[in-house]
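Structure first, then comments.
Derivation of every value follows stated rules applied to the coordinates shown; laboratory data play no part. Predicted model only: the values in this text are computed from it and were never measured. No Cβ is skipped: glycine too gets one built from the backbone with ideal geometry, and neighbour counts run over all protein chains shown.
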Amino acid sequence: MKKRYIKKLDITLSPLGFGVMRLPQNKDGSFSPEIYDLLAKSHELGINYYDTGYDYLGGKSETLIRDALVKHVPRNSLYIADKMPTWRVSDQADIERIFSTQLERLGVDYIDFYLLHALNKNYWEKLKKLGILEFLEKKRGEGMIHKVGFSLHDDCDVLQIIESPYDWDFVLLQINYYDWIIQHAQENYAYLEKRGIPVMAMEPVGGGRLANLPFEAESIFREIDPARSPAAWALRYVAALPNVIVTLSGMSDISQLKDNVNAVFDIEEPINEEPYNEVMAILRSKNMISCGGCGYCLGECPKKIDIPLCFQKYNDNEMFGVSLEQGDFGYFYFDFVPPDKQAHHCIKCGACNKRCPQGVDIPSELQKVHTTAATARLGVEVTDISKLCDNKKVILFGSSELGLSYLRILTSFGIDVYAFCDNNEIIWNTSLEGVKIISPIELSDIKDNAVVLISSTHYKPINEQLRNMNVKVIN
């Protein structure tokens, strides 16, 4: 890989940096030998900038860099970027303790690029009062920090507030062609370029969103260059920006590494905006949630909802849709997101919002995910069910796993199920999760005061059966 000399920093850097944030881990939190080989191979291919964080990979990202790289290659062949977790700092003692821990985990005497992590206005004001600038200057003077910067997921007004009182060496921004306008990236980038402050770029592939495009969007790129992957297109867009000195990528296997290295091997070629604009028009027509999958929200959720997974399933459906042969979105959501991790457990406490770098209103988006999945699974709008019930008894016809799923969905919306109905006489007069199972004869006796949802894969014959019984079916 062709490295570039950055005059402002008096450093020669690889245009591609390795983001050590999303690497796969074993169940016990350890890493397979392939991950160590991947990091070693990246260094062999010319990458010399490695970005980590105090909380990345469950707090094991820094030690991974130590064991995979620091112990095996010359220290001056590595530029390590690490971050002060602003949300974990309550006093000056926290700042010193965290920094010392990072040096120990990394197995180094100094950190090349040190950042204040995910700054916003509130975190900035807190850290200033705790003397963070004095701390940075002290560590810089002692040679323990070489370059100082911060990462930002906010607008340009906040950027100017943070940038103005200190001589920052660099800033880490989220930049990709999707967020160029949506997430303030263009405005923030232009401000820093004008100020002469180099930019490191994170999330060039949008947390993976831009690596897997809808067919009609990917076809636009393929027509121009069939050999170049969507991820490579996304990387090139960012890496070619004149003031971006390093573009971070979270590569998780050798094929991704080679693809990314090839994408930025020669980035002098000017970017043609036209295909990106066409792809963006398609993507913006989708009702996607702007989640990068960073997982910062997970530690804050008292209900332990798997927020990134819920959003991923929703976005996959928006991006690609689901064929009838595969099943509907409700199937992919309710059957593949563990029941205790699903969106409906949200209590709207808002703790997650404070940690989301994308500014997503997570509770409201979780509600959207759950409502959309429920509608897909039930085959009818939940609000319509409430209206159609109108003090009538709700009956679920079918007491298999699908019926159980219907029960849990309706209960999550505060809709009481009076009974299951089933044609299997063996289970009549028993119950499922506290709800009794009745026969079709009993259903016929209460049909004038009941509405039925068919919760069985045998939909057509059951629907015909209920029509003959003059029972109201609402799905």
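Tabulated results
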| quantity | calculated |
| --- | --- |
| Coil-residue trypsin sites (Lys or Arg not before Pro) of the stretch 329-411, DSSP, other Cβ within 10 Å capped at 12 | 348 |
| Built amide H within the under 5 Å cut-off of residue 393, gap 5+ | 450, 451 |
| From phi via Karplus (6.51, -1.76, 1.60), per-residue ³J(HN,Hα) for the stretch 193-206 in Hz, x at Gly/Pro | 4, 5, 7, x, 9, x, 10, 9, 10, 10, 6, x, 9, x |
| ³J(HN,Hα) computed for each position of the stretch 410-427 - Karplus, 6.51 cos²θ - 1.76 cosθ + 1.60, integer Hz, glycine/proline x | 4, 4, 5, 9, x, 9, 7, 9, 6, 6, 8, 10, 8, 7, 7, 5, 5, 9 |
| Among 425-434, 50-59, the order from most to least packed when residues are scored by Cβ within 10 Å on average | 50-59, 425-434 |
| Length added when fully stretched, residue 273-residue 441, from 0.36 nm per residue minus Cα-Cα | 53.8 nm |
| Local electrostatic count at residue 470 - Lys and Arg +1, Asp and Glu -1, tallied over other residues with Cβ under 13 Å | 0 |
| Amide proton proximity set for residue 436, modelled H, under 5 Å, gap of 5+ | 420 |
| Nearby aspartates and glutamates by direct alpha-carbon distance to residue 129 (threshold 13 angstrom, same-chain neighbours under 8 apart not counted) | 91 |
| DSSP-loop chymotrypsin sites (Phe, Trp or Tyr not before Pro) across the stretch 1-46, with at most 13 other Cβ within 10 angstrom | none |
| Helix 254-263 axis, angle to the chain major axis (alpha carbon atoms, nearest 10°) | 60 |
| Two-site label geometry, residue 73 and residue 469: point separation in nm, points 7 Å out along Cα→Cβ | 6.9 |
| 20 Å Cα-Cα threshold exceeded, pairs from 368/436; 392/472; 393/447; 3/258; 7/71 | 368/436; 7/71 |
| Relative packing of peptides 152-164, 244-256 - highest average C-beta neighbours within 10 Å first | 244-256, 152-164 |
| Sites residue 284 and residue 345 - FRET efficiency at Förster radius 35 Å, r taken between beta-carbons, to 0.05 | 0.70 |
| Under Karplus coefficients 6.51, -1.76 and 1.60, residue-wise ³J(HN,Hα) of the stretch 368-375 in Hz, glycine/proline x | 4, 4, 5, 5, 5, 5, 5, 4 |
| Shape of the stretch 382-468, Cα gyration tensor, a/c cut at 1.5 | rounded |
| In degrees, nearest ten, helix 273-284 long axis to first principal axis of the chain (Cα) | 30 |
| Within-13-Å neighbourhood charge of residue 218 [Cβ basis; K, R +1; D, E -1] | -1 |
| Built amide H within the under 5 Å cut-off of residue 147, gap 5+ | 113, 114 |
| Proximal aspartates and glutamates relative to residue 121, as straight alpha-carbon distance under 12 Å, when same-chain residues fewer than 8 apart are discounted | 154, 155, 157, 163 |
| Residue exposure sequence - 352, 421 - by fewest surrounding Cβ within 10 Å | 352, 421 |
| For the stretch 4-283: rounded, prolate or oblate by the Cα gyration tensor [a/c cutoff 1.5] | oblate |
| Three-way shape call for the stretch 293-426 based on the alpha-carbon gyration tensor, with the a/c threshold at 1.5 | prolate |
| Alpha-carbon Debye profile of the chain, log10 I(q)/I(0) at 0.10, 0.11, 0.12 Å⁻¹ | -0.81, -0.92, -1.04 |
| Calculated [θ] (222 nm, deg cm²/dmol) that DSSP helices of n ≥ 4 give over the chain, each run adding -39,500 (n - 2.57) | -12000 deg cm²/dmol |
| Largest-first principal axis extents, alpha carbons of the stretch 202-257, Å | 31, 27, 18 |
| Cβ crowding within 10 Å averaged over residues, with 166-172, 291-297 ranked highest first | 291-297, 166-172 |
| Relative contact order for the chain, counting Cα pairs under 8 Å that sit 6 or more residues apart, in percent | 10 |
